[in-house]
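Have a look at the structure below before the remarks.
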Amino acid sequence: EQRPDSHQIPDENGWLWSGWQFNQTSENGLWQDPRARIAVSKAIDRNGLLEAFGELENLRSQGFDIPAGWNTPTVPWGEGNGGMWLDPQAELGQEWADNLVYDVGDATALLDAAGYDGSPVDMNYLQSTYGTVYDQWTEAVIPMLQAIGLNINSQIREYAQQWSSEASRDFPGLYYNYVTPFNTIGEYMNLWFG
């Protein structure tokens, strides 16, 4: 309204991919059980996070066409990756897609079935590195994990300590971080599956 001469350039949002890694030797091997890892996935309200931090409905109410996708373990959703992206929202009913659906009750049951005993779980992440949105997003995710019964022990790391050293391979628990927004799909595939 204030800039009637402005134009929206049609494009997909280049959402950054925030990813989880699990130390499978910690918590008595809890993270070796796929039910525990799926529980973490189901604990996260992706739509709520996108709305809270992307203000999608606010932008849409102003006439902007803002699509929103969920990132998947295969390919981040967004600019440059649309042709290779697996859309879980379009594939609901399939097990892999349903593993990305927010469901606190199911997540809690999966965590119990995996044998989680309530002991503290380290959640390793950065602060004051990527900016306010990452910091707030991380703060919003922690109570979601606690809501399914995880006893989260926050471990704020420095960038070099967490990701640029061999020592980080031995940190127990969960690792939460952005993944570099590469320009081509091949770079993601090499990073995660190569």
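The values are calculated or read from the model by the stated rules, or taken from the named source; none is laboratory data. All of these numbers come straight from a predicted model, not from anything done at the bench. Reconstructed Cβ throughout: ideal geometry from the backbone, glycine too, with neighbour counts over all protein chains shown. What goes into the accessible areas is simple: the full protein's heavy atoms, side chains included, and nothing from ligands, DNA or RNA. Shrake-Rupley method; radii C 1.70, N 1.55, O 1.52, S 1.80 Å.
Worth a mention:
- If you filter region 120-140 down to residues that are open to solvent by 30 Å² or more (accessible area, probe 1.4 Å) and of a type in the set (Val, Ile, Thr), you find that the one that is nearest to Ala52 (Cα to Cα) is Val133.
- Ala68, sole failed condition from (1) at pLDDT 75 or above; (2) under 26 Å from Ile148 (Cα atoms): (1)
- Against the list (1) β-branched (Val, Ile, Thr); (2) open to solvent by less than 60 Å² (accessible area, probe 1.4 Å); (3) assigned to a helix (DSSP H, G or I), the condition Ile152 fails is (3).
- Annotation: Trp192 fulfils all but one of (1) at pLDDT 85 or above; (2) open to solvent by 50 Å² or more (accessible area, probe 1.4 Å); (3) closer than 26 Å to Asp33 by Cβ; the unmet one is (1).
- Residues in region 157-171 that are open to solvent by 50 Å² or more (accessible area, probe 1.4 Å) and either at pLDDT 80 or above or touching a helix residue (DSSP H, G or I) at 6+ places or on another chain (Cβ under 6 Å) (or both): Glu158 alone.
- Number of residues in region 101-116 that are part of a loop (DSSP other than H, G, I, E, B) and either modelled with pLDDT of 95 or more or within 14 Å of Leu145 (Cβ to Cβ) (or both) equals 5.
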